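What follows is a short report on a single structure.
The values are calculated or read from the model by the stated rules, or taken from the named source; none is laboratory data. As the structure is a prediction and not an experimental result, all values here were calculated from the model. Ideal geometry is used to build each Cβ from the backbone, glycine not excepted, and the neighbour counts take in all protein chains shown. Heads up: the accessible areas ignore ligands, DNA and RNA and are worked out on the full protein's heavy atoms, side chains in. Shrake-Rupley method; radii C 1.70, N 1.55, O 1.52, S 1.80 Å.
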Amino acid sequence: MILVTGGAGYIGSHTIKELLRDGREVVALDNLSAGHRELVLCREFVHGDLADGDLLRHTFRRYPIEAVIHFAAHTSVPESVADPGKYYRNNVGCTLTLVEAMVEAGVRTIVFSSSAAVYGDPVKIPIPEDHPTDPKNPYGRTKLVVEGILRDYAVAHGLRHVSLRYFNAAGSDPDGEIGECHDPETHLIPIVLEVALGVRREVQIFGTDYDTPDGTAIRDYIHVTDLARAHVLALRAVEEGRAEAAYNLGTGRGHTVREVVECCRRVTGREIPAVDAPRRPGDPAALVADPSRAERDLGWEPRFTALDPIVETAWKWMTRRSRPNPGSPR
Ligand code: UFG
């Protein structure tokens, strides 16, 4: 059985769906501070906090857990700048409680949800895994600290681990069963689609003077189901002792903010007013993955390689959710 922490969140819930599809048994753990119970498709659910060591010990005794996929974390970059303590306590402190409980219970396999934020401002594009790591904010630093903790626990306690560095997770389950629900929403694609839905008046384009073809920032948008599948493959690789410490998960293709807005106009057929705005502090001009290590070692290749189909899945989910009776999840 696989324990998925943060299983009620955006990427966690999609990964649970892929694990179930792969025939794995799953128990989700989530404190529901940002997650949604109705997104959890597995039967076993523990409502609780990773800070609670007793709960973790009890969970490891109660279920035959062989491995952990660890998503639970705070994820807002600006919030991490304003309140770093909250991020170090939760993202680092709770992970330490988790790995201690794992070692105590003899569970020695972990897949960790890391981020491209560990790289900071890239010195080259696309970014390979051996690119220097120099996070620009506390959020990115918490992810890098945890990567280090896992390496140290590997030496001291034989912990088998892999860190997956996500670029920009986007889109929703193509079946429309689960999807992205952040409150407040800060990510570009759902914000642009909220304008299309009429929930927001306009989208602000943060920065139009970057050194990019149209002056707006470039990101590598990777479909959440492709990310989810990478976790299943990485879990297998780490179980078989053939995983490297870290893998980039991205498509290797970058899109500017203006291209994203144009794509959303195409997909929705709606106007979507956009206004130029100053740069958002801390934003790098371009982040694009070199995903060749994951392709080579994990046999992983993104199925969603173009932006339109990614945005189509996000739009399908958002239009479904915005109806009065969107139907109940399985
Ligand atoms: N953007 C806008 N307007 C908006 C929202 C975003 O122009 O209303 C721009 C941002 O400035 C950025 C791009 O759209 O240039 C993408 O922004 P997102 O907020 O969607 O994503 P980020 O690239 O900032 O953040 C993502 C993850 C973080 C992670 C970070 C670095 O969400 O968790 O990548 O890897 F830390």
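Descriptive notes on the structure:
- Long-range neighbours under 6 Å by Cβ, at least six apart or interchain, first residue within 13 Å of Val199 (Cβ to Cβ) within segment 260-277, second aliphatic (A, V, I, L, M): Thr268/Ala196; Arg270/Ala196; Ile272/Val195; Ile272/Ala196
- Any hit, segment 294-301, residues being within 13 Å of the ligand (Cβ to nearest atom) and open to solvent by less than 40 Å² (accessible area, probe 1.4 Å): no
- Applying the set (1) farther than 21 Å from Val311 by Cβ; (2) within 16 Å of the ligand (Cβ to nearest atom) to Ala116 leaves exactly one unmet item: (1).
- Matching residues, segment 131-162, being of a type in the set (Asp, Glu), closer than 30 Å to Pro281 by Cα and in a helix (DSSP H, G or I): Glu147
- Hits in segment 243-259 (condition: touching a residue at least 60 places away in the same chain (Cβ under 8 Å) and either of a type in the set (Gly, Ala, Ser) or touching a Gly at 6+ places or on another chain (Cβ under 9 Å) (or both)): Ala243, Ala245, Ala246, Gly250, Gly252, Gly254, Val257
- Which listed residue is in the same structural domain as Leu98 (by TED's automatic domain parsing), open to solvent by 30 Å² or more (accessible area, probe 1.4 Å), of a type in the set (Val, Ile, Thr) and away from the ligand (no atom under 15 Å from the Cβ), from Val155, Val162: Val155
- Of all residues in segment 168-179 being within 11 Å of the ligand (Cβ to nearest atom) and either among the hydrophobic types (A, V, I, L, M, F, W, C) or part of a loop (DSSP other than H, G, I, E, B) (or both), the one that is farthest from the chain's Cα centre (by Cα): Ala170
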